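To start, the structure under review is shown below, and the notes come after it.
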Amino acid sequence: MHKFEKIWMSVGTGSLIIFLVILGVSAVHAGHTPAASGIETINPEYVREDTRFAEPGLHESEDEEFDYNLYFVASAFSYEPSEVEIPQGSRVKVQVATTDVVHGFQVVNTNINMMVEPGLVSTYNTNFDTVGEYLIVCNEYCGVGHTDMTSTIKVVDGGAEDNE
Amino acid sequence: MSKNIHPDHLFSLNNRVDAKDGKLVLANMIWVIFALFIGGSAGMLQTFIRAGMFELPFGIGYYQLLTLHGVILALVLTFFFIMGFQIASLSRSAGAFNDKERLLGWIGFWMMSAGTLVAAAMIATNEASVLYTFYAPLQAHAFYYIALAVIIIGTWFSVAGQLMRYFRWRKEYKGHKTPLLSFMASVNNVMWLVCTIGVSMSVIFQYIPWSLGIVETINVSLSRTLFWMFGHALVYFWLLPAYMSWYVVVPKVLGTKGFSDNLARMSFVLFLFFSIPVGIHHQLTEPGIDAFWKGLQVVLTFAVIVPSLMTAFSLFAVFETHGRKLGATGILDWFKKLPWKDARFVLPFLGMLFFIPGGIGGIINASGQMNQLVHNTIWVVGHFHITVGAPVILTYFGVMMFLLPHITGRKITKQLNNMGLYLGYTWTFGMGLMSAAMHFAGLRGAPRRSTFSEYGGADIAQEWITYQILQAVGGTFLFVAIVIAVILFIQLMTGPKTTEAEEFPVASMMDQSVPTTKWVENWRVLIIITVFLLLIAYTMPITQMFTENIPGAKGFKLW
């Protein structure tokens, strides 16, 4: 191998290894694993009969790790709820299920971005730290009304206790 | 021809594509030109619709057009080009096909043509607005899936003919290393045969029975995973013919030798190994797959970058060595010595430049955490337009510049060469603008695969629309480039005949006489490693999709 080739390949491969180490540390140490991973099943025809998704929206969590569970039902071409308020600073387990085809669930200006597929529940754990209005869009083609499919998350000032 | 002739002599004797093979190549290339025009026009209209500047007449849907754009460009154009170029490369470097091999090529061609026409009819009648990725449980007409299956099986026939030509050469010149171009085409063909197994299983055993109503539901996760097992290898199937041109054709256009035969073979072998067990990086944000398997495929995806770095090195090594031979001094003077007036060089070179941001974007997309931010945003669309939509297609254009007149017995005139340069620069400007706007809009959250929408008057959507207008400007330049390309290609085939046909440039390598690395042409070993990696990456995730009782999904037609 040519000397320059050796240098080039070592620098190149070396930087790839550094990238991978960063990804690995971030995943294992900081918990930044890919969204929606794992298998939690749900029958797409009975999503609303399922206890988890009977009343979509924000619910106090029984789990110590979270303040709230936030359930969304996606169906062509809307999300339920169509708007939700979340107290600033909440630790939330977001779960989404679809009643029909594949949808996307992207909360613009946040890291929440995942696919929703029939038969499976998609989960993303996050904190809502910044007050504001966040647009949710469907970013996976689902049919003619695809771009009408939106919802809004309003992160509001103060903890839940401070409100009535 | 005597069997005692050393292949290197044969290599220099055999300096053109056989006339009968040429007809087959040309038939494939005519589809390319046709597909470019149809698919490109659809693309331009899409940018106008998304910018809110145009509405489709006659009840044609945006997603119908998008499906057409994807199928015609990502599948039809590329498949016909790749089959045509590889047949030409084999005929040029290993020698003419025999009747049986060529017949397989023709059967493939007619199957692909028939499949394309039926798929196009299904899209035109709005029976198949499910995009080329056909995500279940959106359910198209069964004919759409059958047509796509026929296209894929058609490529298998063509590939079988090509592989037979390669192996016949190996048998005839036992012990000699095979011509580099023929080896490269064969790697791409073997990779193709392995990766299409997944998608054909999915189409034949899932989509077709389900769309015919024989079974009621479909396992969505499984269908997507089998699709992407093919879907990412597909991008390397597009790319490797471009690499064939970069490694072998471009140095000869400069009038010099290629960098290294062994390095080129090694990089192709690495592509064979690492193109397939990486598809899950398209599925990083979806349920149904454990984080571990997503992570493993991210690591394997990074391995594919290594042969790309090898390729970049050897190309620029050739450019610099060549420039210095012509008297260049200093650090970058050699750059000026490159043949900037030769479209056969400028077209692929512009493509190589696009591949720098394209490759960086690819690393970003494959990095799990960053993927989270860009997944399904229009950033991704920007990414594949500066990979397949620029390096790959510009190189294809560069190949067609010499291949069409080579086969039809003509020369590239000065005027046609200049048209080629205009094509390159117009395409570069249009694609640069459009894809930059796509990347920036994507970072601001704009979704892909979406028609014009104000999203209920959200402020952020206004910002997206500004970028969409820029995309439409880029799209307009691209359409102009396509018109130039179509006129250029037709003239290259129909201009006045010349006594001597345009050359099909094939460089010899600086290490031409050195034997190949030992196992590089041991196909048994290569295939075993390829399948082994595939099994490691996919056995568990796919098994889980069967054992975890994921409820099936009924079909929907929501367009």
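No value in this document is a laboratory result; all are computed from the given coordinates. Since this is a predicted model, take the numbers as computed values, not measurements. Backbone-built Cβ (ideal geometry, glycine too); neighbour counts: all protein chains shown.
Structural remarks
- Proximal lysines to B:Lys411, defined as alpha-carbon separation beneath 19 angstrom and excluding residues fewer than eight positions away on the same chain: B:Lys23, B:Lys252, B:Lys341, B:Lys497
- Helical runs (DSSP H, four residues minimum) scored at -39500 (n - 2.57) apiece and divided by the length of the protein assembly as shown put the mean residue ellipticity at 222 nm at -19000 deg cm²/dmol.
- With 10 Å bins beginning at zero, the pair-distance distribution over Cα atoms of the stretch A:44-162 amounts to 15, 49, 31, 6, 0 %.
- Amide H contacts of A:Leu120 (H built 1.01 Å from N, in plane; Pro and chain starts excluded): A:Ile42, A:Thr98 sit under 5 Å, all sequence-distant by 5 or more or on other chains.
- Stretching the chain fully between B:Asn418 and B:Ile460 yields a gain of 10.8 nm (0.36 nm per residue, less the alpha carbon separation).
- Each label was represented as a point 7 Å from its Cα along the Cα-to-Cβ direction; for B:Phe532 and A:Asp148 these points are 5.5 nm apart.
- Dimensions (Å) - chain B, Cα atoms, principal axes, largest first: 68, 48, 44
- Here the Karplus curve 6.51 cos²θ - 1.76 cosθ + 1.60, taken at θ = phi - 60°, turns the phi angles of the stretch B:318-324 into couplings of 5, 4, 5, 4, 4, x, 5 Hz, with x standing for Gly and Pro.
- DSSP-defined beta bridges in the stretch A:44-162 - what % are antiparallel, rounded to 5: 70
- Of A:His103, A:His29, A:His59, the residue with the greatest mean-square motion in the GNM of chain A, using alpha carbon springs below 10 Å, is A:His29.
- In summary, the aspartates and glutamates within cross-link reach of B:Lys171, defined as a Cα separation below 17 angstrom excluding same-chain residues under 8 places away, comprise B:Asp8, B:Glu101, B:Glu521.
- With neighbour counts taken as other beta-carbon atoms within 10 Å, the residues B:Phe345, A:Phe128, A:Phe105 rank, fewest first, as B:Phe345, A:Phe128, A:Phe105.
- Rounded FRET efficiency, nearest 0.05, which uses the C-beta distance separating B:Lys554 from B:Ile197 and R0 of 25 Å: 0.40
- For A:Phe4 and A:Asp63, the difference between the fully extended length at 0.36 nm per residue and the C-alpha to C-alpha distance is 15.6 nm.
- Table column - 3J(HN,Hα) (Hz), the stretch A:34-50, Karplus curve with 6.51, -1.76, 1.60, x for Gly and Pro: x, 4, 6, 5, x, 10, 10, 8, 7, 7, x, 7, 10, 4, 6, 7, 6
- Least to most buried among B:Val269, B:Val392 (fewest other Cβ within 10 Å first): B:Val269, B:Val392
- Amide N of the stretch A:1-18 lying under 13 Å from the label point, which is placed 7 angstrom from the Cα of B:Arg324 along Cα→Cβ: A:2-5
- Rounded tilt (10° steps) of A:3-28 against the dominant C-alpha axis of chain A: 30
- Ordering B:Lys336, B:Lys100 from the fewest to the most neighbouring beta carbons within 10 Å gives B:Lys336, B:Lys100.
- Neighbourhood net charge (14 Å Cβ-Cβ; Lys/Arg +1, Asp/Glu -1) for B:Thr311: -1
- At the listed q of 0.15, 0.27 Å⁻¹, the Debye profile of the stretch B:430-487, built from one uniform point per Cα, gives log10 I(q)/I(0) equal to -0.47, -1.05.
- Environment charge at B:Ala185 (Cβ cut-off 12 Å; Lys +1, Arg +1, Asp -1, Glu -1): +2
- The largest-to-smallest principal axis extents of the Cα set in the protein assembly as shown are 91, 56, 47 Å.
- Average other protein chain Cβ within 10 Å of Cβ, residues A:98-105: 5
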